[in-house]
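One structure is given here, and the rest of the page talks about it.
The values are calculated or read from the model by the stated rules, or taken from the named source; none is laboratory data. As the structure is a prediction and not an experimental result, all values here were calculated from the model. Please note: Cβ atoms are built from the backbone with ideal geometry, for glycine as well, and neighbour counts cover all protein chains shown. Only protein heavy atoms, including side chains, enter the accessible area calculation; ligands, DNA and RNA are left aside. Shrake-Rupley method; radii C 1.70, N 1.55, O 1.52, S 1.80 Å.
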Amino acid sequence: MAAAEARGTSVFEWSDRFETGLAAIDHEHAQLAGLLGRLDQLAGQAGDAAMAEALFDTLLKNLDDHFAHEEALMSRYGLAPASTERHVTLHRQLRARMGQLRHESPEASHADVLRQRGAVLSREIMRHLLCADLPLATEIAALEQGASPEAARLAGLERRDASIAALLDDVGELRQTLAQRDAALQAIRAEQLRSEECHARAQRAARTGSWELDLDSFRLESSAECQRLFGQHPDAPIRHFDDVIHCIPESDRQAVFDAISATLHSSRPFMVEHRINLSDGSQRWLQPLGERISGSHGKGDRLVGMVRDVTEERAARIHLEETNRQLSLSLSSLARHAADLTRLNELNEGLQSCLNAGEAFEVVENAMSRLEIGTGGALSVPDAAPGTMRTVARWGDGGRVSAQFANSACWALRRGLRHTVCTANDGPGCKHFEPDAGHGYICLPLQVLGEPLGLLTLRAGQDVDEVDWARFTHLAGMVAESLKLALSNVRLREALHDQATRDPLTGLLNRRYLDEALPREIARSLREQRTLSLVMLDLDHFKRVNDNFGHEAGDAVLSKSAAILRSNLRSSDLACRFGGEEFVVLMPGATLAEAHERMERILHEVCATVFHLDSVHLPGISFSAGVAEAPRHGNNAESLLRAADRALYAAKEAGRQRVLDAG
C-alpha cells in the first residue's frame with residue numbers, strides 16, 4: 001500500500017501481494033480496502049455527511065459479514081482452539097471499536113469527523129487484515145491443499161512475517177518519499193518566504209498594503225506595510241476595524257462608512273480617499289479599495305482589498321489642478337488682452353480717419369462703449385471759458401461726469417498727473433462726477449508738450465481684485481496715449497485747415513474756401529428748392545485810411561469791420577474775405593429781401609462804430625454792397641458772383657454807403 005501511495009494511488013488500494021489464494025477472502029479484503037478509500041476521499045473533499053454515514057454503515061456490515069465468514073472457516077477446518085479464540089477475540093474488539101466510532105459525535109466539523117474516523121479505521125482494520133486475517137487465510141488455504149495442521153500453521157506464520165517484511169519495505173520507501181517531499185516542501189517554503197519578502201518589498205516601494213476584514217467579528221488581518229500606513233509598528237498591529245476608524249478624522253469617517261455600506265448592499269467594489277492621523281501628529285492621505293467576498297471553506301463573508309498612500313499623488317493632483325487653473329486664467333487673460341488690443345486698434349484707426357474734433361468725440365464714444373474697461377467713463381476737453389472743461393463724450397455710467405466743471409474739480413488736472421483711487425483710503429476724491437461707494441476710478445490728463453488737450457475719466461467695477469485693477473490702469477494708460485495723439489493730430493489738422501481756409505487778419509473764411517463752398521451751396525439750394533443769397537461788399541474810401549494812417553490802421557479797420565459782420569450773421573451764414581477790402585457773404589435759405597435788410601442793419605452798425613488805433617481816432621468808415629439771389633440771378637457760382645458784383649458797382653456809382661439788389 002505504501003508503494004501504491006508513492007506511485008500516486010490511494011493508500012487503501014489492495015495489492016495482489018496480499019492475496020491468500022482464497023478467492024472469497026481476497027475479494028472481501030479488497031472490498032474493505034475500497035470502502036476505506038472512499039471514506040478517505042469523502043473526508044478530503046468534505047463530502048455529503050449523509051453519504052459518509054451510509055458508507056460507514058456499509059463498511060460495518062461488510063466487516064461483520066467478513067468476520068462471520070472467517071469464523072465459519074475456522075470452525076470448518078478445526079483450527080487450534082487457542083488460535084481460534086484469539087482471532088474471535090480480535091473480531092469482537094474490532095466490532096466494539098467500530099461501534100464506538102459509529103456513535104461518537106465530536107464537536108468538530110464534518111470533515112474533521114471523517115478524517116478522525118478514517119485514521120482509526122485505516123489503522124485498526126488494516127492491521128487486523130495484515131496481521132491476523134492474512135495468516136489465518138493462508139493457513140486455511142494450506143489445509144485445503146492437503147497440508148498438515150502444523151505445516152499449515154507454519155505457512156500462515158511465514159505469510160505474516162512476509163507481509164510484515166513487505167510493510168517494512170513499504171515503510172522504508174514511504175520514509176524516503178516523505179523525506180523527498182519534506183525537502184520539496186522546504187524548498188517551496190523557502191521560495192514562498194522569498195516571494196512574501198519580495199511582495200512585502202514591492203508593497204513598501206509602492207506604499208501599498210493588503211487587508212482582509214471579517215464581517216462577522218470585524219477582525220482585521222493586514223500586511224506589514226498596511227500596518228505602517230495605519231501608523232502602527234508591525235510588531236504591534238491593529239487587529240480590529242474600530243481601531244482603524246479611531247485613526248481617521250471624524251470629518252472623513254462618514255465617507256468611509258458610506259463607501260463600505262454601498263459595497264455591502266450592491267456587491268460592487270468601493271474606493272474612497274480619507275486622511276489618517278499618525279502617532280507623530282501628522283496626517284497622510286490613504287485610498288482603500290476593496291470588494292465583498294462570500295464565505296467559503298469555513299470562513300464567513302469578508303471584505304478584501306488594498307490600501308495605498310496617495311498623499312504625494314493627491315498633492316501633485318491638486319498642484320496640477322491649480323496649475324491648470326492658473327493656465328486657464330492666463331489663457332483667458334491673453335485672450336482678453338488680445339481683444340483689448342483689437343479694440344484699441346479699432347479706436348486708433350477710427351481716430352486717424354477723423355477730420356475734426358466732433359468726429360473724434362463720436363468715435364471715442366462708440367469705441368469705448370465696446371472696450372471692456374471698467375463700467376464707463378467720459379472725455380472732457382477745454383472749454384472756451386478759461387480754466388473750465390466741458391464733457392464731449394460719455395459711455396457706460398459716464399453720465400455721472402459733469403457736463404461742465406472747473407479744472408480745480410479734478411486732482412489730475414491740478415497736478416498734471418494721473419490720479420487713481422482704488423479704495424476710499426487711496427487719496428482725495430475728485431468733484432467733477434458723482435461718487436459711488438465701492439467703485440474706484442482713474443483720471444488721466446491728456447497733455448502734449450505741456451498743452452492741455454483734455455481729460456479722460458474712467459470708472460472701475462465694484463470691488464475689483466488686484467489683477468483686474470492692474471489691467472484697468474494699464475489699459476487706461478494705453479487709451480490715454482491714443483487719445484492724446486489723436487486729439488493732437490485733430491487739433492493740428494484743424495489748425496492747418498484754418499490756415500488754408502481762413503484769413504489770418506480778419507478770421508473770416510478766405511477766397512479759396514469760397515471757391516469750394518459756393519458751388520456746393522448753390523447745388524444744395526437747387527436740390528432742396530430753397531433760396532440762396534450772396535452779398536458782395538466793399539469798404540468805402542479804404543485807401544485813404546491806408547494812405548493817411550498807414551497799413552496798421554487799415555488792418556485795424558478791416559479786423560473790426562469783419563468782427564461786426566461776423567457777429568450779425570447766423571451760424572449757417574458764411575462770411576469770406578474776397579480780397580483787399582472786399583467781402584462776400586453767403587446766406588443759405590435767405591431771400592433777397594431778407595439779405596438786403598440784414599446788410600442794411602450791418603451797414604448802420606459799421607457807420608456808427610468809432611475806429612481807433614491805440615489812442616489815435618480813425619475816420620468813420622462805411623461800405624457799399626450788392627445783393628444777388630440764386631437761382632433768380634444765377635444758378636452757378638460765376639453768374640451769381642457777377643450779378644452781385646454789378647449790384648456793388650451800381651451802389652458805388654450811386655454814391656456809396658448803400659445796399660443795392662441785383663437787377
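Run the helix sum for the chain: -39,500 (n - 2.57) per DSSP H stretch of 4+ residues, divided by residue count, reported at 222 nm to the nearest 500 deg cm²/dmol. Could you put the intermediate results ahead of the total?
Values: 19 runs with 371 residues, N = 663.
Value at 222 nm, helices only, nearest 500: -19000 deg cm²/dmol.
ALA50 versus GLN145, label points 7 Å from Cα toward the beta carbon: distance in nm?
Going by the 7 Å Cα→Cβ label model, 4.9 nm.
How do 262-275, 325-338 rank on mean C-beta neighbours within 10 Å, highest first? Intermediate values should be presented prior to the final figure.
On the way: 262-275: 14.4, 325-338: 10.6.
Top to bottom by mean Cβ count within 10 Å: 262-275, 325-338.
Within region 401-418, name every residue whose backbone N is under 19 Å away from a label modeled 7 Å from Cα of ALA385 along the Cβ vector.
401-411, 413-414
Give me the extension gain from ALA517 to SER217: residue separation times 0.36 nm, minus the current Cα-Cα distance, reported in nm with one decimal. Don't skip to the end; give the middle numbers.
Numbers: separation 300, 0.36 × 300 = 108.00 nm, distance 10.81 nm.
That works out to 97.2 nm of additional length.
How many nm separate the modelled label positions at ALA24 and ARG493, each set 7 Å beyond the Cα in the direction of the Cβ?
Output for this residue pair reads 14.0 nm.
Carbon and sulfur: what percent of region 428-514's accessible surface (1.4 Å probe)? Write down the numbers at each step before the final one.
Numbers: 2340 of 4330 Å².
In region 428-514, the share of accessible area belonging to carbon and sulfur is 54 percent.
Taking R0 as 51 Å, what FRET efficiency do you get between ALA500 and GLU322 from their Cβ-Cβ distance, rounded to the nearest 0.05?
The formula returns an efficiency of 0.20 here.
How are the Cα pair distances of region 281-330 distributed, in percent, across 10 Å bins from 0?
Spelled out per bin, shortest first, that is 20, 27, 23, 18, 9, 4, 0.
Can you say what percent of the DSSP beta bridges in the chain, counting only those with both residues inside, are antiparallel? Round to 5.
Details: 76 of 80 bridges.
DSSP beta bridges in the chain are roughly 95 percent antiparallel.
Select from region 525-610 those trypsin sites (Lys or Arg not before Pro) which occupy a DSSP coil region and have at most 14 other Cβ atoms within 10 Å, ordered by residue number. Intermediate values should be presented prior to the final figure.
Numbers: sites: ARG527, ARG530, LYS543, ARG544, LYS560, ARG566, ARG570, ARG577, ARG598, ARG601; in loops: ARG530, ARG570.
Filter output for region 525-610: ARG530, ARG570.
Expressed as a whole percent, how much of the Cα-Cα distance distribution for region 185-254 exceeds 13 Å? Walk me through the numbers on the way to the answer.
On the way: 1689 of 2415 pairs.
Across region 185-254, Cα pairs with separations above 13 Å total 70 percent.
Given region 307-372, what whole percent of its Cα pairs are spread farther than 16 Å? Don't jump to the answer; show the numbers that get you there.
Values: 1362 of 2145 pairs.
Percentage above 16 Å: 63.
Provide, for q = 0.14 Å⁻¹, the log10 of I(q)/I(0) from a solvent-free Debye sum over equal Cα point scatterers in region 263-416.
At q = 0.14 Å⁻¹ the computed log10 ratios are -0.89.
Bin width 5 Å, origin at 0, all Cα-Cα pairs of region 416-522: what percent of pairs per bin?
Whole-percent P(r) values from 0 Å outward: 2, 10, 16, 14, 12, 10, 8, 7, 7, 6, 5, 2, 0.
Find which of PHE578, VAL557, LEU168 sits farthest along the positive direction of the dipole of the chain, computed with +1 on the beta-carbon of Lys and Arg, -1 on that of Asp and Glu, about the Cα centre.
Among PHE578, VAL557, LEU168, the one farthest towards the positive end of the dipole of the chain is VAL557.
Helix 110-128 versus the longest principal axis of the chain: what is the Cα-based angle in degrees, 0 to 90, to the nearest 10?
30
In region 586-626, whose amide N lies under 15 Å from the spot 7 Å out along Cα-to-Cβ of ARG524? List them in ranges.
Within reach of a label on ARG524, which here means backbone N under 15 Å from a point 7 Å along Cα→Cβ, region 586-626 contributes 586-590.
Given N residues in region 394-439, what is its alpha carbon radius of gyration divided by 2.2 N^0.38 Å? Present the calculation step by step, with values, prior to reporting the outcome.
Numbers: Rg = 10.9 Å, N = 46, 2.2 N^0.38 = 9.4 Å.
Rounded to two decimals, the normalised Rg is 1.15.
In region 298-362, carbon and sulfur make up what percent of the accessible area (probe 1.4 Å)?
Of the solvent-accessible surface of region 298-362, carbon and sulfur hold 57 percent.
Compute the projected area of the convex hull of the Cα atoms of region 221-335, averaged over all viewing directions, and report it in nm² to one decimal place.
Details: hull surface 39.9 nm².
Orientation-averaged projected area of the Cα hull: 10.0 nm².
What is region 154-307 by shape, rounded, prolate or oblate, if you read a ≥ b ≥ c off the alpha carbon gyration tensor as root eigenvalues and call it rounded for a/c under 1.5, prolate for a/b larger than b/c, and oblate otherwise?
Working: a/c = 4.06, a/b = 2.56, b/c = 1.59.
Prolate, since a/c reaches 1.5 and a/b exceeds b/c.
According to the Kirkwood expression over distinct Cα-Cα pairs, how big is the hydrodynamic radius of region 335-415, in Å?
Working: mean 1/r = 0.0727 Å⁻¹.
The Cα-based Kirkwood calculation yields 13.8 Å.
Give me the base-10 log of I(q)/I(0) for region 528-615 at each q in 0.26 Å⁻¹, Debye formula, one uniform scatterer per Cα, rounded to two decimals.
-1.40
Which Rg and Dmax, in Å, describe the Cα atoms of region 86-242?
28.1, 86
Please compute, over every Cα-Cα pair in region 47-99, the percentage with a separation greater than 19 angstrom.
Working: 523 of 1378 pairs.
Considering region 47-99, 38 percent of its Cα-Cα pairs are separated by more than 19 Å.
Could you do me a favour and compute the accessible area per residue for the chain, 1.4 Å probe, result in Å²?
Details: 35520 Å² over 663 residues.
With the other protein chains kept in place, the chain gives 54 Å² per residue.
What does region 602-652 give for Rg and for Dmax, in Å, if only its C-alpha atoms count?
Calculated on Cα positions, Rg and Dmax stand at 15.7, 48 Å.
At 1.002 mPa s and 20 °C, plugging the Kirkwood radius over alpha-carbon pairs of region 246-287 into Stokes-Einstein gives what diffusion coefficient in µm²/s? Write out the running numbers ahead of the final one.
Working: Rh = 11.0 Å.
Reported coefficient: 194 µm²/s.
Could you work out the relative contact order of the chain, using alpha carbon pairs under 8 angstrom and six or more residues apart, expressed as a whole percent?
Details: 917 pairs, mean separation 41.3, N = 663.
Rounded, it is 6 percent for the chain.
Give me the extension gain from ALA409 to LEU193: residue separation times 0.36 nm, minus the current Cα-Cα distance, reported in nm with one decimal.
Details: separation 216, 0.36 × 216 = 77.76 nm, distance 9.02 nm.
Fully extending the segment from ALA409 to LEU193 adds 68.7 nm.
Once all Cα-Cα distances of region 517-663 are split into 10 Å bins that start at 0, what whole-number percent is in each one?
Calculated over all Cα pairs of region 517-663, the distribution is 12, 43, 31, 12, 2, 0 percent.
Give me the percent of the accessible area of region 152-214 that comes from carbon and sulfur atoms, probe 1.4 Å, all protein chains in place. Could the numbers behind the result be given before it?
Values: 2450 of 4270 Å².
Taking all protein chains in place, region 152-214 shows 57 percent carbon and sulfur surface.
Give the total of Lys-Lys pairs in the chain with Cα-Cα distances below 26 Å; include a pair only if its members are 8 or more places apart or on different chains. Let's see the in-between values first.
Numbers: LYS431/LYS484; LYS543/LYS560; LYS543/LYS652; LYS560/LYS652.
Lysine pairs meeting both conditions in the chain amount to 4.
Once the principal axes of the Cα atoms of region 354-501 are found, what is the range along each, listed largest first in whole angstroms?
Cα extents, longest axis first: 52, 30, 26 Å.
Principal axis extents for the chain, Cα atoms only, whole Å, descending order, please.
199, 55, 38
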